[in-house]
1. For region 236-270, give me each residue that is under 24 Å from the mean Cα position of the chain (by Cα) and of a type in the set (V, I, T).
2. Residue check, E123 against (1) modelled with pLDDT under 95; (2) in contact with an Asp or Glu (Cβ under 8 Å, 6 or more places away or on another chain); (3) not basic (K, R), all met but one. Which one?
3. If you take the residues of region 213-261 that are among the polar types (S, T, N, Q) and over 20 Å from D72 (Cα atoms), which of them is surrounded by the fewest Cβ atoms within 10 Å (Cβ to Cβ)?
4. Considering only residues that are among the acidic types (D, E) and in contact with a Pro (Cβ under 7 Å, 6 or more places away or on another chain), which ones fall in region 262-292?
5. Name the strands (runs of 3 or more DSSP E) wholly inside region 24-103 in which the number of residues that are under 29 Å from M233 (Cα atoms) and touching a residue at least 40 places away in the same chain (Cβ under 8 Å) is 2 or more.
6. Does T45 satisfy the condition of being hydroxyl-bearing (S, T, Y) and closer than 21 Å to V111 by Cβ?
Amino acid sequence: MSTRIRTIAVAVNPAAAGGASVHVAPVVVDSLRAAGFEVTVAAATSERALRERLVALVGDGGVEALVVVGGDGLVNLAVDVLAGSAVALGIVPAGTGNDAARELGIPLGSVAAACDHLIAALEREPRRTDVGVITPESGADMPPGASEAEDGTSPPPPRRFLCAVSAGFDALVNERANSLRFPRGPHRYTVALLLELARLRPRRYRLTVDGVAHDVESVLLAVANLGSIGGGMRIVPFASPMDGTLDALVVAPLGRIRFLRLFPRVFAGRHVGLDVVSFHSGSVIRIECDEPIVAYADGERIGPLPVLISVEKGALGVLT
């Protein structure tokens, strides 16, 4: 076997998709070892512990690729650790949304197919992919895995993302879901969505794209590097992770019924061109809001607006 990559770490999130990755990971490890790769398993029950483990593996130069077995949350962690390094990222989807895998053309629904795809990709040169960077401008909330200065005054550090930043209705749903103690599991997000839908109203934002300010009213606002969020919502179907730009989606004020009718079109990517939908593309985007909305990146809580979002062109090698 001739391959550029021989040493691989496999990262596992035992909590992804209700623990599904625990059953998937051994299949992935066995497949890679059977194909002749040297494999190290990195698993932890907390994000902080897993981050420390991955940083150590990448820092000592002991691995050439990191394969994530999990969902978009674990992919986000890996992207934040790997961006700017020579270590390539592979994905075996085992989460709930799996937006990154979907957008990158990685097979969903079949572990065997995903493993075959990965092993074939390991024979090819990794695809250089842009990475988004979100920098909170308020120190009120610390993002997951972040650390602050000893005096506690440092703002949260930048965090990288692969898919998108949410700062509108979807961010409100995430924040609501995280505050609910019941129900648990995916039904929590259904309840949160219904609660936020009942409170649906536009917010006033200032969206500054490459120095040009746009004052907008919006019910749904997101900035994409890849085109999908939320398990297949194709918010920016034309987004490319290799063009050095980010694409902001703005949905103008809508009533609840029309907003609900918009969702099937967004999942199909057929909302482009509608009179209530606009897009703004650029390499640096700042989002401000009159209200304390918390931004999310790849479904991970970042902190309250304002945030500054930029792009690192070709910062990540991805096995596709």
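1. Result: V236, T245, V250, V251, V266.
2. (2)
3. The initial filter retains those residues of region 213-261 that are among the polar types (S, T, N, Q), namely 218, 225, 228, 240, 245.
Add one more test, that the residue is over 20 Å from D72 (Cα atoms), and what stays is 218, 245.
Values: S218: 24, T245: 19.
If we take residues in region 213-261 being among the polar types (S, T, N, Q) and over 20 Å from D72 (Cα atoms), then T245 is surrounded by the fewest Cβ atoms within 10 Å (Cβ to Cβ).
4. Here is the first cut: in region 262-292, the residues among the acidic types (D, E) are 275, 288, 290-291.
E288, the sole residue that qualifies.
5. Values: elements: 38-43, 65-70, 88-93.
So the answer is 65-70, 88-93.
6. Details: hydroxyl-bearing (S, T, Y): yes; closer than 21 Å to V111 by Cβ: no.
Here the answer is no, as T45 does not meet what is asked.
The values are calculated or read from the model by the stated rules, or taken from the named source; none is laboratory data. As the structure is a prediction and not an experimental result, all values here were calculated from the model. Virtual Cβ from ideal backbone geometry, glycine too; neighbours counted across all protein chains shown.
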